[in-house]
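Below is the structure I would like to discuss, written out as structure tokens.
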Amino acid sequence: MSLSRSPSPVPGGGWASPGLNINSSGRSSPVPGYSASNGTPVIWESARQKTMGAAGGYPSFSTHNQGFFTRHMRRLSSSLPRFSSSTHYAEKEKLGRGRWSGQNVPLLGRLKGIMARMGRKMKLRLLVVLLLLISIIIFFNTPLIYYWRRTSWLGGGQKYVIILAANVGGGVMEWKGAREWAIERDSVRNKKKYTNRWGYDLEVVDMSTKKRYAHEWRESWEKVDFVRAALRKYPKAEWIWWLDLNTFVMEPSYSLQSHIFNNLDKHIHRDINYFNPLNITHPFNEPYLDEASRSPVGDGDSSSVNLMLSQDCSGFNLGSFFIRRSAWTERLLDIWWDPVAYEQKHMEWEHKEQDALERLYIAQPWIRRHTAFLPQRMINSFPTGACSENGNDTNIHYDQKDRDFVVNMAGCEWGRDCWGEMYNFRELSYYLNRNPWERFKEDLVAVIWYKITGKKVKL
Amino acid sequence: MHFAYPPRKSSTPPKFVPRSSTRLPLLRRSRAKVIALAGLALIFLVYLLTRTGGRRHTLARHTPSGKPPVVIVTVIDESHHYPTEYLDAVRENRIQYAEKHGYETFFPKIGNYDLNGAPFSWTKVVAMRHAMTKYPDATYIWFLDQDAFIMNPSLKVEEHVMKPARLEALMIKDHPVVPPDSIIKTFTHLKGKDVDFVLTQDKDGLSVGSFLVRNGEWAEFFLETWFDPIYRSYNFQKAETHAMEHIVQWHPTILSKLSIVPQNILNSYAKSEKGAEYTPGDLVVRFAECDKRSTLACAKDSKPFEQQWRTSFKNA
């Protein structure tokens, strides 16, 4: 046995060098320990202790994670206040000894310092957060969001086209006055804003009286041609939303998807009996018809709905309706105007194409099977002036508390003030859709100011 | 003073220490992270695609399975005193032909349906609609008037008429729908598989004594439109025939599914005054407008042909 140094006794008795312990003195028991690599069975006490501590049974002289200070040294030291070495000595004297230097380092320098003291991992994390933030900002402040909402497999805005009927009767029947122009301008701007926000397409069509239709006794069936043309012009469109001129989208923050189409089953009524002002006998009970045609709800599957409209107090209302691209729609558009039907009925048909559709709905099982009704206030709320014979009706009339989607000033051109109604609804819509800052100014600051000074202010 | 030296390192250190377990771990920490990230990305993508793509449906109508391939519809008129044996022969003729090819027959009677005071001849339209309800799996529905016999038992409707290649060869293109000078003409570029409605023209115009309709969504639309109460109440001179001429000329969604075939294919006439005359081997012979003269005239006209079909059915 060779010793590299003279053995020394340990306080508990025995020797620090294991080879000298002949008796089992209790201090150093025969260790099963480690003997593999260095070829000597001699184990020093200090080495043995280290061996026990290190993982995996290997000797470790690691200086890391030894104790609190070694572990947190960097953090502690970097958080300590430092004297600035850059400032001039004399200046420092003047400003006062021992003053923390943080204050007079420029912002950039301070940031640099923070960055320098930051660990690599932390830097990476910060970078990720920063990137996320930047991408969110870019997304919402550039046309990116528009394209996102538009793309058919993301937002799906391309699937919806709004047709706005402008210039009704213009050109031939009467001159358009300032009010008519104003109505048109507001209505078009309203829909333009709405479609731009959600990535839909807007088609403004000219409903002016034309020789073409006058000759064929087909005025007011232009709808059919415009829907057809829109389907051709926008090949990706799935739904066409027809809107009359005297309509106003009150809540531009509602997308069609979230308002209607995502939960089509919940919103539509296939069975007209829920609200049936025309007293149409529904469903058919002719024995020669199949099950789906005799059922009040058709086949009950919302994917088979091709036409969605609402009813007002006097029946179907085509001021706002949805029609879907399908073979069925082509057939309906084709059959909608028929000379034989027109010849027999035109005296009764006060609302022309609307009455023609009612007649088709009454007569044809194949039309009923694919038609559904939406509650009127979902797509076509009326102002108090329309359908007012029985006073205010919660199923028909606009209510700002419920934030109805669209208002249709139907029939305002007969004895009511179209422009006045349009203006009021426009202002109401702006008022209801103020942003938080405007609300804060107008609902809080201005009110407090009024209480204090007794003067109204416009902020 | 002695300080302990660190233990001497072996001059031949072990190169690698064997793993505690001999199995190679499939999932390392670093790999687990990548897998988790990829999984998240995948879930997001699936979410994106299913959100909008999930709502894409086509019209979910029952598609006919082809059992039976053809339903033969004949409206039997028992209210105008046709001889019973004549009507029985008409029924038997259809039934024998149907049995031979696995078809079905459907014989509604005049008066079965409420026509709102329209002429009885309208019954054929609603009977066709009824046949669609009754046999939702039939591929074709063939209306054959009562004044007709099927003469050639070896011809199958789906091959003799409706096979797309055959139909493309047969169809008369760019031909005035209502002769002689209607400006509405049959389509020039119509594929056989797109045809849903096959009929013939005789000398007066479109003939509704024998026509074929392919069962499906379009057929419902067509028959229900044809049966519209507004046409029934209009007093067309030839009732449903003229109503059909009207909708065919005014509504391209109907014209685009229609094909006119030569009369001999499914609507030969016993006499040549009204249209193409029957020649042996034709599928059908009709004693057209025999009922204009008298009910007995039909029975009389049918006699010679009854012998013929009975023998040819026996031999076939």
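A short reminder: the numbers here are calculations on the coordinates, not readings from a lab. Just so it is clear, the structure is predicted and the values come from calculations on it, not from any experiment. We place every Cβ from the backbone using ideal geometry, glycine too, and count neighbours over all the protein chains shown.
Using label points projected 7 Å from each Cα along Cα→Cβ, tell me how many nm separate A:Leu126 and A:Tyr274, to one decimal.
According to this spin-label approximation, the distance is 5.7 nm.
Would you mind working out the magnitude of the charge dipole of the range B:71-315 relative to its Cα centre, with +1 at each Lys and Arg C-beta and -1 at each Asp and Glu C-beta, to the nearest 20 Debye? Before the final figure, lay out each step's value.
Values: 28 positive and 33 negative charges, 77 e Å.
Dipole size: approximately 360 debye.
Search the structure for amide H atoms under 5 Å from the amide H of B:Asp228, placed 1.01 Å from N in the peptide plane, and list their residues when 5 or more places away or on another chain.
Here nothing satisfies the definition.
Something else: Run the reach check for A:Lys123 against lysines, Cα to Cα strictly under 30 Å, same-chain hits fewer than 8 apart removed. What comes back?
A:Lys112, B:Lys33
How big is the convex hull of the Cα atoms of the range A:151-426, per residue, in Å³? It would help to have the intermediate numbers written out before the result.
On the way: hull volume 38.1 nm³, N = 276.
Residue-normalised Cα hull volume stands at 138 Å³.
Where the centroid of each part is defined by its Cα atoms, how far is the range A:258-329 from the range A:343-375 in Å?
12
So what's the gap between the Cα centers of the range A:179-210 and the range B:143-159, to the nearest angstrom?
Going from one Cα centre to the other spans 59 Å.
For B:Lys15 and A:Met115, what does the FRET efficiency come to when R0 = 51 Å and r is the distance between their Cβ atoms, rounded to the nearest 0.05?
Values: r = 42 Å, r/R0 = 0.82.
For R0 = 51 Å, the calculated efficiency reads 0.75.
Further, regarding this structure: Set Lys and Arg Cβ to +1 and Asp and Glu Cβ to -1, take the dipole of the range A:151-426 about its Cα centre, and tell me which of A:His351, A:Met378, A:Val161 lies farthest positive.
A:Val161
Compute the longest continuous run of chain B that contains no exposed chymotrypsin sites (Phe, Trp or Tyr not before Pro); treat a site as exposed when its DSSP state is not H, G, I, E or B and it has at most 13 other Cβ atoms within 10 Å.
Between the exposed loop sites, the longest stretch runs B:17-316.
As I understand it, the value is the acute angle between the Cα axis of helix B:29-53 and the longest principal axis of the Cα atoms of chain B; what does it come to in degrees, rounded to 10?
20
Karplus couplings for the range A:345-355 from phi (6.51 cos²θ - 1.76 cosθ + 1.60, θ = phi - 60°), rounded to Hz, Gly and Pro as x?
10, 4, 5, 8, 7, 6, 9, 6, 5, 5, 5
Right, another one. For B:Lys185, list long-range residues whose amide hydrogen, built 1.01 Å from N in the peptide plane, is under 5 Å from its own amide hydrogen.
Close amide H contacts, sequence-distant or interchain: B:Val177.
Say each of B:Glu277 and A:Thr142 gets a label point 7 Å from the Cα, pointing the same way as Cα to Cβ; how far apart are those two points in nm?
Each label point is offset 7 Å from its Cα along the Cβ direction, giving 8.3 nm.
Roughly what angle does helix B:217-226 make with the longest principal axis of chain B, taking Cα atoms, 0 to 90 degrees, to the nearest 10?
Between the helix axis and the principal axis of chain B, the angle is about 30 degrees.
Identify all aspartates and glutamates with a Cα-Cα distance to B:Lys238 below 16 Å; exclude those on the same chain that are fewer than 8 residues away in sequence.
Within reach: B:Asp145, B:Asp202, B:Asp204, B:Asp228, B:Glu289, B:Asp291.
Another one. Just to verify a number: FRET efficiency for B:Asp204 and A:Leu264, C-beta to C-beta distance, R0 = 56 Å, to 0.05? Don't skip to the end; give the middle numbers.
Working: r = 49 Å, r/R0 = 0.88.
Computed FRET efficiency for B:Asp204 and A:Leu264: 0.70.
If each of A:Asp355 and B:Lys67 carries a label point 7 Å out from its Cα toward its Cβ, how far apart are those two points in nm?
Modelled inter-label distance: 5.1 nm.
Please go through the residue pairs A:Lys233/B:Lys163; B:Lys109/B:Lys274; A:Lys193/A:Lys441 and name each one whose alpha carbons sit more than 31 Å apart in this structure. Could the numbers behind the result be given before it?
Numbers: A:Lys233/B:Lys163 36 Å; B:Lys109/B:Lys274 27 Å; A:Lys193/A:Lys441 25 Å.
From the list (A:Lys233/B:Lys163; B:Lys109/B:Lys274; A:Lys193/A:Lys441), the Cα-Cα distance tops 31 Å for A:Lys233/B:Lys163.
Test of the criteria: in the range B:255-316, which GluC sites (Glu not before Pro) are in a DSSP loop and have at most 13 other Cβ atoms within 10 angstrom of their Cβ? Before the final figure, lay out each step's value.
Working: sites: B:Glu273, B:Glu277, B:Glu289, B:Glu306; in loops: B:Glu273, B:Glu289.
Here the GluC sites (Glu not before Pro) that fit, given the DSSP loop and packing criteria, are B:Glu273.
Mind listing the long-range amide H neighbours of A:Ile162? Cut-off is under 5 Å, sequence gap 5 or more, other chains count too, H placed in the peptide plane at 1.01 Å from N.
A:Asp201, A:Leu202, A:Glu203, A:Trp241
In the structure displayed, which of A:Lys159/A:Lys191; B:Lys271/B:Lys303; B:Lys67/B:Lys191; B:Lys271/B:Lys292; B:Lys173/B:Lys257; B:Lys193/B:Lys257 lie more than 19 Å apart, Cα to Cα? Mind showing how you got there, number by number?
Values: A:Lys159/A:Lys191 16 Å; B:Lys271/B:Lys303 14 Å; B:Lys67/B:Lys191 24 Å; B:Lys271/B:Lys292 14 Å; B:Lys173/B:Lys257 13 Å; B:Lys193/B:Lys257 10 Å.
From the list (A:Lys159/A:Lys191; B:Lys271/B:Lys303; B:Lys67/B:Lys191; B:Lys271/B:Lys292; B:Lys173/B:Lys257; B:Lys193/B:Lys257), the Cα-Cα distance tops 19 Å for B:Lys67/B:Lys191.
Now, a different point. Using θ = phi - 60° and the Karplus form 6.51 cos²θ - 1.76 cosθ + 1.60, what ³J(HN,Hα) does each residue of the range A:123-139 get, whole Hz, x for Gly and Pro?
Here the 3J(HN,Hα) series is 4, 4, 4, 4, 4, 4, 4, 4, 4, 4, 4, 4, 5, 5, 4, 4, 4 Hz.
Moving on to the next point. For the range B:252-264, take each phi angle, set θ = phi - 60°, evaluate the Karplus expression 6.51 cos²θ - 1.76 cosθ + 1.60, and give the result in whole Hz per residue in order, putting x for glycine and proline.
x, 5, 8, 4, 6, 10, 9, 9, 9, 10, x, 5, 5
Distance between Cα centroids, the range A:418-455 to the range B:208-222: provide it in whole Å.
Measuring centre to centre over Cα atoms gives 63 Å.
Please give the charge dipole size of the range A:151-426, origin at the Cα centre, charges +1 on K and R Cβ atoms and -1 on D and E Cβ atoms. Round to the nearest 20 debye.
On the way: 34 positive and 39 negative charges, 220 e Å.
Using only the charged Cβ atoms, the result is roughly 1060 debye.
Still on this model: Hey, how much of the P(r) for chain B falls beyond 36 Å, as a percent of Cα pairs? Working shown, then result.
Details: 17108 of 49770 pairs.
Percent of Cα pairs beyond 36 Å in chain B: 34.
May I ask you to derive the relative contact order of chain B, considering only C-alpha pairs under 8 Å and at least 6 residues apart, and to give it as an integer percent?
Values: 449 pairs, mean separation 59.4, N = 316.
Reported relative contact order: 19 percent.
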